1. Any residue at all in the stretch 625-633 that is in a loop (DSSP other than H, G, I, E, B) and under 22 Å from Asn496 (Cβ atoms)?
2. Based on what the data block shows, is Asn438 among the polar types (S, T, N, Q) and at pLDDT below 90?
3. Go through Ser405, Ser397 for me and flag whichever is out of contact with any helix residue (DSSP H, G or I) (no Cβ under 8 Å at 6 or more places or on another chain) and of a type in the set (Ser, Thr, Tyr).
4. Take Gly512 and tell me if it is of a type outside the set (D, E, K, R) and closer than 21 Å to Met354 by Cα.
5. For residues that are part of a loop (DSSP other than H, G, I, E, B) and closer than 20 Å to Thr247 by Cα, scanning just the stretch 201-219, find the one that is farthest from the chain's Cα centre (by Cα).
6. With the requirement that a residue be of a type in the set (A, V, I, L, M, F, W, C), closer than 29 Å to Thr357 by Cβ, modelled with pLDDT under 90 and in a loop (DSSP other than H, G, I, E, B), what does the stretch 25-84 give you?
7. If Glu335 meets every condition in (1) under 15 Å from Trp444 (Cα atoms); (2) buried (at least 21 other Cβ atoms within 10 Å of the Cβ); (3) under 16 Å from the mean Cα position of the chain (by Cα) apart from one, which number is that one?
8. Using the structure shown, decide if Phe165 is touching an Asp or Glu at 6+ places or on another chain (Cβ under 9 Å), in contact (Cβ under 8 Å) with a residue 24 or more places away in the chain, outside any helix (DSSP H, G or I) and not charged (D, E, K, R).
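The values are calculated or read from the model by the stated rules, or taken from the named source; none is laboratory data. Small disclaimer: the values here were computed from a predicted structure and weren't measured. Cβ placement follows ideal geometry from the backbone for every residue including glycine, while neighbour counts extend to all protein chains displayed.
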Amino acid sequence: MNGKRKRIAVFGSSLTGRYKCRLCRELNIAAEELGVDLVYFNSYGKLRSINSKAEDQESGFLEFIDLDQFDGIVFDGEGYNIEGMADRVERKLRSAKCPVVSISSHVEGFYNIEFDDAGGLRKMVEHFIDDHHFTRIGYMSGYLSHPDAQLRLKEFRSVMKERGFPEDGVGMFEGDFWYNKGVEAAHFFLSLPERPEAVVCANDYMAISLIDAFRQMGIKVPETIAVSGYDGTVEGNEYLPHLSSVTREWHSIAYKALKLLKDYSDEGDGKEYDLTVHPKPVYAQSCGCDPLEYRHVLETVDRAYEDKRLLATAVYELESAMLKLNKVNNVREMESVFAEDSVNFGEYTSFFLMVHTDQAGKPVYDSAYSAPSGKFVPVIWIDKNKEYTQSPHAFESSSLIPQSSADRCHVYYVMVVHFAESIFGYSVVEMAGKDIFNEFHNVWLHTLGLTLNSLHQKDHISKLITKLEGHSITDGLTGLLNRRGFDDKSRKLISNINGKKNVCTLVIDMDGLKHINDEYGHYEGDRAIRALADIITRSCDCGEIAGRTGGDEFCIFAPDYSEACLKRLIERMKDHAADYNRSNRLDYKLDFSWGAYITETDSFGLIEDFLKISDSRMYEQKMTKPGRRGYGI
């Protein structure tokens, strides 16, 4: 890829959450500064934890990602809420030939951007002790099986022990890194023999839930009990009181990760090293360091009302789009609906929906689709700036992203599109600004997956109906039309005659079927019937239609016919029958009697009348054949 812009992949989960949105923004800013392109492979995360098969679909798409197209990879293993998913991604990335840098946890064999988690928590605890002179401090941990929870609890205990306090302070409560344990935690801390002056929480979400619970119980924060969080989330900054917390310093993490990979790609530096990012404590209102100001309150309330208004509008727009998608009959209508209604997840410049094809080139929504071939075809192609040339060929796994003609930094977000147990393909979106899309993009992908599944089912039902209709007019033994099918199709051909035309009917009867059945069994008799049907089929090449209308009786109807055509048809049948008899190892000859009738008719002619004459002529011919009684009629 020398001479081209470097392309770096980012593997992560739940990137649309407000916490990870900041990471994406900082990575995008750093990518533009360094002149590299980014391709995010985002997993759904919490949204998918309700689906027991989600891990199969999320990890199933990994095999179609060719890592050789990237100059470097960023791995954010934090946020994969489906058990084992982070391990599957890690195993995939170990096969990469390019360098991989982990930014959220230490991974052996990768480069690592280490975040000084312990140092950040230490600074917050020391702030409570040294600046606020608190001696009664409690701790709210995340669930203790999580490595981040273990590290932060260990550091809390270390600081407390160094300062001469009990390791767990006045008490340690195990939370869930989310909002669900606030009330239970508040009861725990308020019931302790020594009520805490402050509670250090292992993240912002638990701190917010604890403050809400304290409020409901009449406990003022920070006047009665000070509370701190961790991670420096947007929610914590907007919450009232603003949370004292420790920021992740996303810009430093993002820039160092991309700079490391770009330098490696440019210089081929194989030196193994890790980089450290130091956290920054923010001492705000929840610990009493930053008085609550009227202006801050107004700004926060205004943002909350604006977010609520935008959310309501986005929901209405999505409801309308879902109703439209429920009515589409093909994938082109899907593209039209998406182009018109996809306005609620942020401004984007391009969106592509690629679906699997099988070896025969059939797309996955076709019910005849068999298995993925590693190729994809676009079914939604939206290019607002006309930067991409749509290829008529399928996209290979080695080039998942369409080629752009614009010489600028590109940032793409790739996500798998599936419904239930079916992986349909993937989507690619390029946003107009530095921010990632919001959660409504994920809902769109679910809806598109549901629509593709609906189209698949409709196609299956349509083909099943066609098959059943075919069975109703097709003879099961020979594959020719049956009596009903022959009559219906003949009548339709006659009704379409303009003016008057010569038509021809033939009635053909196998000679000696009873003899074949008696001597060789009914299986051989059926074989002989199929052979005669094949002879008739191969002989008809001038617009004739043929059907099996009885046990050993066949009919042919030919519109716009002549004596010359009839003569040629009979000669071809006799020649094919002779070929069959020469190759037949059994001691019988396949033969037939026939009767033909050519007449001029208009659209009111009756096929029944024509066939009666043909049948009579066939019987007359059969009666003249020598030895007919020995073969049976």
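1. Of all residues in the stretch 625-633, those in a loop (DSSP other than H, G, I, E, B) come to 625-627, 632-633.
Next cut, under 22 Å from Asn496 (Cβ atoms) only: none.
Within the stretch 625-633 (the criterion being in a loop (DSSP other than H, G, I, E, B) and under 22 Å from Asn496 (Cβ atoms)), the answer is no, since none of the residues qualifies.
2. Criteria met by Asn438.
3. On the way: Ser397 fails: out of contact with any helix residue (DSSP H, G or I) (no Cβ under 8 Å at 6 or more places or on another chain).
Just a single option satisfies the conditions, and that option is Ser405.
4. Working: of a type outside the set (D, E, K, R): yes; closer than 21 Å to Met354 by Cα: no.
Criteria not met by Gly512.
5. Keep residues of the stretch 201-219 that are part of a loop (DSSP other than H, G, I, E, B), which gives 202-203, 217-219.
Then drop every residue that is not closer than 20 Å to Thr247 by Cα, which leaves 202-203.
Working: Ala202: 35, Asn203: 33 Å.
So the residue we want is Ala202.
6. Selection gives Ile82 alone.
7. (2)
8. Values: touching an Asp or Glu at 6+ places or on another chain (Cβ under 9 Å): no; in contact (Cβ under 8 Å) with a residue 24 or more places away in the chain: yes; outside any helix (DSSP H, G or I): yes; not charged (D, E, K, R): yes.
Criteria not met by Phe165.
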